[in-house]
Amino acid sequence: MLAVAAALAEHTTVIRDAGELRVKESDRIAMMAAGLSACGVAVEEEPEGLIVAGTARANHAVKGGGLVHTHGDHRIAMSCLILGLGAEEPVSVDEPGMIATSFPGFGGLMTGLGADIGPG
């Protein structure tokens, strides 16, 4: 979620000392970098973090439109769908159904915020 906030921020954000995210259930640094990039966010992957160029500069927003490959990680799926709330085009994830395992009310919450959550 921090990487999503960084993408929607005004300036560049550097996330450091987060190497443990590479050895959790998945390599969350690589997957967030790929997900942000698929949505048009300039991001640079570091060995232990990310450098994310914020998009909230004048007349510049997250493009969106990407399909994010989550590799079964519901945290990546939820983060990227939240990114879609601030994107010009819809953001899709490849495995939305797994979100219900950890957060059954996520779809309803997102719909309440204005998202159009499709089947999954």
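The values are calculated or read from the model by the stated rules, or taken from the named source; none is laboratory data. Source: prediction; values computed, not measured. Note: ideal-geometry Cβ built from the backbone for every residue, glycine included; neighbour counts use all protein chains shown. The protein model used for the area step is the full one, side chains on, heavy atoms only, and it has no ligands, DNA or RNA in it. Shrake-Rupley method; radii C 1.70, N 1.55, O 1.52, S 1.80 Å.
Any residue at all in region 66-74 that's acidic (Asp, Glu) and outside any loop (DSSP other than H, G, I, E, B)?
No, region 66-74 contains no residue that is acidic (Asp, Glu) and outside any loop (DSSP other than H, G, I, E, B).
Report the residue count in region 79-98 for those that are within 18 Å of LEU8 (Cβ to Cβ), in a helix (DSSP H, G or I) and either free of Cβ contacts under 8 Å to residues at least 60 places away in the same chain or not hydrophobic (A, V, I, L, M, F, W, C) (or both).
Counting residues in region 79-98 that are within 18 Å of LEU8 (Cβ to Cβ), in a helix (DSSP H, G or I) and either free of Cβ contacts under 8 Å to residues at least 60 places away in the same chain or not hydrophobic (A, V, I, L, M, F, W, C) (or both) gives 4.
Please determine, by comparing only the residues of region 4-20 that are out of contact with any strand residue (DSSP E or B) (no Cβ under 6 Å at 6 or more places or on another chain) and within 23 Å of VAL91 (Cα to Cα), which one is most open to solvent (accessible area, probe 1.4 Å).
By that ranking, first place goes to HIS11.
On the given criteria, is GLY54 under 16 Å from the mean Cα position of the chain (by Cα), of a type outside the set (A, V, I, L, M, F, W, C) and assigned to a helix (DSSP H, G or I)?
When the stated conditions are applied, GLY54 does not pass them.
Within region 21-58, can you find the residues that are over 26 Å from GLU95 (Cβ atoms) and in contact (Cβ under 8 Å) with a residue 24 or more places away in the chain?
GLU46, PRO47, GLU48, ILE51, ALA53, GLY54, ALA56, ARG57
Any residue at all in region 28-41 that is surrounded by 15 or more Cβ atoms within 10 Å (Cβ to Cβ) and either over 15 Å from CYS80 (Cβ atoms) or of a type in the set (Lys, Arg) (or both)?
The answer is yes; a qualifying residue exists.
Looking at VAL68, is it touching a Leu at 6+ places or on another chain (Cβ under 9 Å), modelled with pLDDT of 95 or more and within 23 Å of HIS11 (Cα to Cα)?
no
Given the condition open to solvent by 40 Å² or more (accessible area, probe 1.4 Å) and touching a residue at least 60 places away in the same chain (Cβ under 8 Å), answer yes or no: does some residue in region 59-72 qualify?
No, region 59-72 has no match at all.
Take region 99-120 and flag every residue that is assigned to a helix (DSSP H, G or I) and either surrounded by 15 or more Cβ atoms within 10 Å (Cβ to Cβ) or touching a strand residue (DSSP E or B) at 6+ places or on another chain (Cβ under 8 Å) (or both).
Selection gives ILE99, PHE106, GLY107, MET110.
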